[in-house]
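Novice: What follows is a structure written as structure tokens; I'll ask about it next.
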Amino acid sequence: MLAEPAAPDPRAEDREPAPSGELAIPIIEAVSCDVGQELAAVIGPNRGAIPGMDDDVVVEVPATADTGGVRSPQMGRLPEVITAMLRLQGSNQKLLVEAFAERSRRRLLEALLLDPTVHSYRNAVALIDEMCDLQKDVMPELKW
């Protein structure tokens, strides 16, 4: 039996709409109407924004938007320990994308073993097998 749709909240009409914090509308407005916007954080390809990182790694950085598009200024060089951690995470994310593009448990294993919190090859293999089994209804099949 299907549930009846909920009745609209009569108090909702009295409320003013509040910004959600999502940036899509301000970016569209900035690009299409030349209304410059300073954006606290956008997610996109690095493209030199963080020195020492591959250009194709996806990062979250401050940006500006206008009719010229969305641009992130180049940041100053970060301490090596921070850049190294970011590179590790970027490599891990690339391997995860490759694992699912190739439908490869072996590539997924490489990504897991790159993670410093994974302490055992055997446990990583068991985790992959268990998660693939638990998620088989919603994930593509990954093969060894």
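Novice: Exactly one condition in (1) exposed (fewer than 13 other Cβ atoms within 10 Å of the Cβ); (2) in a helix (DSSP H, G or I) is not met by Arg107; state its number.
Specialist: Only one criterion is unmet by Arg107, namely (1).
Novice: Further question: Going by the structure shown, is Pro73 modelled with pLDDT under 95 and surrounded by fewer than 15 Cβ atoms within 10 Å (Cβ to Cβ)?
Specialist: Here the answer is yes, as Pro73 does meet what is asked.
Novice: Here is a list: Pro116, Pro73, Pro62. Which entry is touching a Ser or Thr at 6+ places or on another chain (Cβ under 7 Å), not polar (S, T, N, Q) and not in a helix (DSSP H, G or I)?
Specialist: Selected residue: Pro62, the only one of Pro116, Pro73, Pro62 that is touching a Ser or Thr at 6+ places or on another chain (Cβ under 7 Å), not polar (S, T, N, Q) and not in a helix (DSSP H, G or I).
Novice: Another question, if that's okay. Looking for something over 24 Å from Ala30 (Cα atoms), assigned by TED's automatic domain parsing to the domain that holds Ser32 and in contact with a helix residue (DSSP H, G or I) (Cβ under 7 Å, 6 or more places away or on another chain) - is there at least one such residue anywhere in the stretch 55-76?
Specialist: For the stretch 55-76, residues over 24 Å from Ala30 (Cα atoms), assigned by TED's automatic domain parsing to the domain that holds Ser32 and in contact with a helix residue (DSSP H, G or I) (Cβ under 7 Å, 6 or more places away or on another chain): present.
Novice: Test of understanding: among Glu29, Glu16, which residue is over 30 Å from Leu96 (Cα atoms) and exposed (fewer than 10 other Cβ atoms within 10 Å of the Cβ)?
Specialist: Result of the check over Glu29, Glu16: Glu16.
Novice: If you take the residues of the stretch 14-45 that are touching a residue at least 24 places away in the same chain (Cβ under 8 Å) and in a loop (DSSP other than H, G, I, E, B), which of them is nearest to the chain's Cα centre (by Cα)?
Specialist: Looking at the filtered set, the residue picked out is Gly36.
Novice: Shifting gears a bit: Among the residues in the stretch 117-127, are any surrounded by 11 or more Cβ atoms within 10 Å (Cβ to Cβ) and either closer than 22 Å to Gly44 by Cα or in the same structural domain as Asn46 (by TED's automatic domain parsing) (or both)?
Specialist: No - not one qualifying residue is present in the stretch 117-127.
Novice: Turning to a different aspect of this structure: Given the residues Gly36, Gly44, Gly48, which is the only one that is out of contact with any strand residue (DSSP E or B) (no Cβ under 6 Å at 6 or more places or on another chain) and exposed (fewer than 13 other Cβ atoms within 10 Å of the Cβ)?
Specialist: Exactly one of Gly36, Gly44, Gly48 is out of contact with any strand residue (DSSP E or B) (no Cβ under 6 Å at 6 or more places or on another chain) and exposed (fewer than 13 other Cβ atoms within 10 Å of the Cβ), namely Gly48.
Novice: What tally of residues in the stretch 103-119 results from selecting those that are farther than 19 Å from Leu88 by Cβ and either free of Cβ contacts under 8 Å to residues at least 24 places away in the same chain or not hydroxyl-bearing (Ser, Thr, Tyr) (or both)?
Specialist: Result for the stretch 103-119: 3.
The values are calculated or read from the model by the stated rules, or taken from the named source; none is laboratory data. Predicted, not measured: the structure shown is a model, and the values here were computed from it. Positions of Cβ are backbone-derived with ideal geometry, glycine not excepted, and every protein chain shown enters the neighbour counts.
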